[in-house]
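What follows is a single structure, written as structure tokens, with notes after it.
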Amino acid sequence: MKKIKFSKAHYDFLRVYNTKKIVVLVSQISILICLILAWELLTKYEIISSFFFSSPSQIVKTVGELWKSGELIYHSGITLSETLIGFAIATGVGFLVAFMLWYSDFLRRVSEPYLVVLNSLPKIALGPIIIIWFGAGSKAIIFMCILIVVIVTILNILNSFTNCDKQLIALAMSLGANKFQIFFKLVLPSSLKDIVSTLKVNVGLSWIGAIMGEYLVSRAGLGYLLIYGGQVFNLNLVMTATVVLCVLASFMYFAVALFEKIMKKHFN
Amino acid sequence: MPMQLTQALQANFINMNIVSLKNLTLTYQSLDSELLALDDISFDVKKEEFVSIVGPSGCGKTTILSLISGLNKPTSGSIKIMDKTPNLKDSVCGYMFQKDNLLPWRTIEKNIFFGLEIKKNLNKERKDYALTLAEKYGLKEFLKKHPNELSGGMRQRVALIRTLALKPELLLLDEPFSALDYQTRLELSDHIYEIIKKEHKTAILVTHDIQEAISMSDKIIVLSARPAKIKAIHTLDFDANLTPFERRKTDKAKELFDTIWQEIQNEKDKI
Ligand SMILES: Nc1ncnc2c1ncn2[C@@H]1O[C@H](COP(=O)(O)OP(=O)(O)O)[C@@H](O)[C@H]1O
Ligand SMILES: [Mg+2]
């Protein structure tokens with residue numbers, strides 16, 4: 001990179017830009033702190049019931065207890081691994097199927113009504129069937145997760161593939177390109193943006209899938225803690241599981257955002 | 001004796017028709033309509049000949065190029081390119097589309113190499129040739145930039161170099177200058193003309209600009225309004241040393257312009 005000397009106006013512009021950025025960040029953090037403080041104080045003086053609303057200090061205490069007993073790692077580990085496995089398989093399979101449907105016009109037309117119906121079907125309705133087929137364990141949960149993610153992935157990525165500029169494809173064909181060259185040199189690069197945003201959506205959907213699966217199966221995991229805590233009216237446990245879930249989901253989202261940044265750098 | 005033989009072969013080759021179209025018709029089919037785009041089109045293009053096709057817009061000029069390139073098949077009639085049916089796999093055509101079709105995510109350099117890459121021909125010699133062309137057309141300092149950073153004229157040049165880099169026997173140019181300002185258009189047509197003559201290429205140019213056709217061609221084919229029929233074929237006999245720019249200024253060019261303009265005007269009245 002060459003060092004470029006900018007005008008004073010440019011530095012002014014940068015200063016204003018950075019100041020705005022800091023103000024936004026500070027506001028975001030202050031809101032979080034205010035909310036936590038208000039929650040703590042309101043429950044401490046029992047203005048709202050600490051039994052129904054738990055409280056930040058109780059949550060911290062519960063996290064500490066769960067950490068000591070090893071349950072925190074155990075349950076988050078289970079949910080996280082189910083989510084990651086579901087996410088990876090569903091994204092991979094979705095991508096492959098989308099490729100096949102892009103490749104073969106015949107397959108695409110034949111499968112269209114099936115995809116539409118599967119997409120509008122609420123997957124949770126298949127819960128009992130899934131449990132009978134896969135047993136009440138991680139397998140069933142991962143399958144539920146895949147089911148929720150894969151159809152949307154296929155539809156989104158296929159849509160992006162088929163929207164590739166027809167003129168560009170005509171150019172490649174006039175040069176004698178085969179279908180694989182068209183795919184790797186035109187279709188894939190022009191859908192990268194859509195693929196990354198599909199990944200982002202999939203992160204959220206995989207968490208939904210895993211938690212929903214755990215609700216159904218209820219053996220272990222954060223979804224199990226939520227259901228169990230709810231049943232025994234242990235709101236501390238429910239809130240703690242929710243907070244842990246929030247933290248894990250944000251980490252995964254940031255990982256995808258980082259991936260997006262790297263892709264952008266490589267492919268401009 | 002062998003000497004005479006090669007000469008005879010060469011002479012034969014020069015007289016050979018690179019392109020030969022016989023009684024072409026093409027109907028575009030759709031569910032609720034049929035559209036006759038080409039009606040009985042026949043013409044030949046000899047080696048090293050520069051042929052222009054002019055006609056009112058929407059008459060079927062692009063369609064003719066798509067048939068010659070092999071992207072499209074005629075409903076009836078025959079097309080021979082160097083005595084063979086057009087074939088996308090080992091095509092001798094370099095097809096330059098109306099739109100520049102640059103890939104926005106590739107740098108200019110990578111765009112120029114795109115054709116070579118598809119043809120699996122990306123060797124040192126071809127790369128160097130392409131880069132020499134790029135330099136000649138004033139694109140050297142843009143090689144690492146992306147298409148959205150270039151003006152329309154620059155982009156069109158990149159598309160042209162991408163086509164020329166393949167060293168095609170036959171150039172198909174679909175209104176290559178239509179997006180450019182007048183100045184650039186004159187400059188670029190002089191350049192292209194020079195390259196085509198120097199490299200002994202054959203070219204078919206589609207244009208709606210009659211002057212442009214006159215300034216570059218050995219033969220001009222005037223098409224009727226859709227369905228395209230051949231309305232007239234003009235053979236031009238300008239001094240071979242004149243550049244397109246110099247040709248434009250001759251009286252002969254002006255006369256021919258009037259004739260062709262009249263022919264096309266009659267067609268427009270029919271629509
Ligand atoms: N793929 C297609 N399907 C149906 N009609 C088409 C198609 N391509 C072109 N046409 C029609 O054929 C006619 C000729 O088109 P084209 O060859 O592009 O004309 P030109 O290049 O002379 O402007 C136009 O009326 C156009 O609408
Ligand atoms: Mg056209």
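Each reported figure results from applying straightforward, stated rules to the coordinates on display, with no laboratory input. Predicted model, so just to flag it, every value in this text is computed and none were measured. Glycine also receives a Cβ, built like all others from the backbone with ideal geometry; neighbour counts cover every protein chain displayed.
Let a ≥ b ≥ c be the square roots of the eigenvalues of the Cα gyration tensor of segment B:74-222; is it rounded (a/c under 1.5), or, if not, prolate (a/b larger than b/c) or oblate?
Taking the square roots of the gyration eigenvalues as a ≥ b ≥ c, segment B:74-222 is oblate.
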| Of the residues A:Val16, A:Val201, A:Val232, which exhibits the maximal mean-square fluctuation in a Gaussian network model of chain A defined by a 10 Å Cα contact cut-off? | A:Val16
| query | Relative to the first principal axis of the alpha-carbon coordinates of chain A, what is the inclination of helix A:235-267, with its axis defined by its Cα atoms, in degrees from 0 to 90 and to the nearest 10? | reply | 30
| task | For chain B, set up a Gaussian network in which alpha carbons nearer than 10 Å are linked by springs, and say which option among B:Leu65, B:Leu172, B:Leu35 fluctuates the most. | result | B:Leu35
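How shielded is A:160-170 by partner chains, expressed as the average number of their Cβ atoms within 10 Å of its Cβ atoms?
2
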| query | Helix A:71-103 versus the longest principal axis of chain A: what is the Cα-based angle in degrees, 0 to 90, to the nearest 10? | reply | 20
| message | If you fit an axis through the alpha-carbon atoms of helix A:222-231 and take the longest principal axis of the Cα set of chain A, what angle between them do you get, 0 to 90°, nearest 10? | response | 40
| Value at 222 nm in deg cm²/dmol, rounded to 500, when DSSP H runs of n ≥ 4 in chain A each add -39,500 (n - 2.57) | -28000 deg cm²/dmol
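Counting DSSP beta bridges in the protein assembly as shown, what percent are antiparallel, to the nearest 5?
Just about 50 percent of them are antiparallel.
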| So what is the calculated 222 nm ellipticity per residue for chain B, using -39500 (n - 2.57) for each DSSP H run with n of 4 or more, over all residues, to the nearest 500 deg cm²/dmol? | -12000 deg cm²/dmol
| Taking a ≥ b ≥ c as the square roots of the eigenvalues of the Cα gyration tensor of chain B, is the shape rounded (a/c under 1.5), prolate (a/b larger than b/c) or oblate? | rounded
| said: If the only charges are +1 at each Lys and Arg Cβ and -1 at each Asp and Glu Cβ, what is the size of the charge dipole of segment A:117-244 around the Cα centre, to the nearest 20 debye? | reply: 220
| note | In segment B:135-271 the DSSP beta bridges are antiparallel at a rate, in percent to nearest 5, of 50
| query | Nearest 20 debye, what's the magnitude of the dipole of chain B about its Cα centre given +1 on Lys and Arg Cβ and -1 on Asp and Glu Cβ? | reply | 900
| task | Could you list B:Leu166, A:Leu107 in order of exposure, starting from the residue whose Cβ has the fewest other Cβ atoms within 10 Å? | result | A:Leu107, B:Leu166
| query | Shape call for chain A from the C-alpha gyration tensor, a ≥ b ≥ c root eigenvalues: rounded (a/c under 1.5), prolate (a/b greater than b/c) or oblate? | reply | oblate
| Nearby lysines by direct alpha-carbon distance to A:Lys44 (threshold 27 angstrom, same-chain neighbours under 8 apart not counted) | A:Lys61, A:Lys68
| request: Counting only C-alpha contacts under 8 Å and six or more residues apart, can you give the relative contact order of segment A:56-267 as a whole percent? | output: 30
| remark: Most fluctuating of A:Lys179, A:Lys200, A:Lys20 in the GNM of chain A (C-alpha, under 10 Å) is A:Lys20
| query | Among A:His10, A:His75, B:His146, what is the fewest-to-most ranking by other Cβ atoms within 10 Å? | reply | A:His10, B:His146, A:His75
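Please go through the residue pairs B:Lys110/B:Lys145; A:Lys166/A:Lys265; B:Lys47/B:Lys219 and name each one whose alpha carbons sit more than 19 Å apart in this structure.
Violating the 19 Å Cα-Cα cut-off are A:Lys166/A:Lys265.
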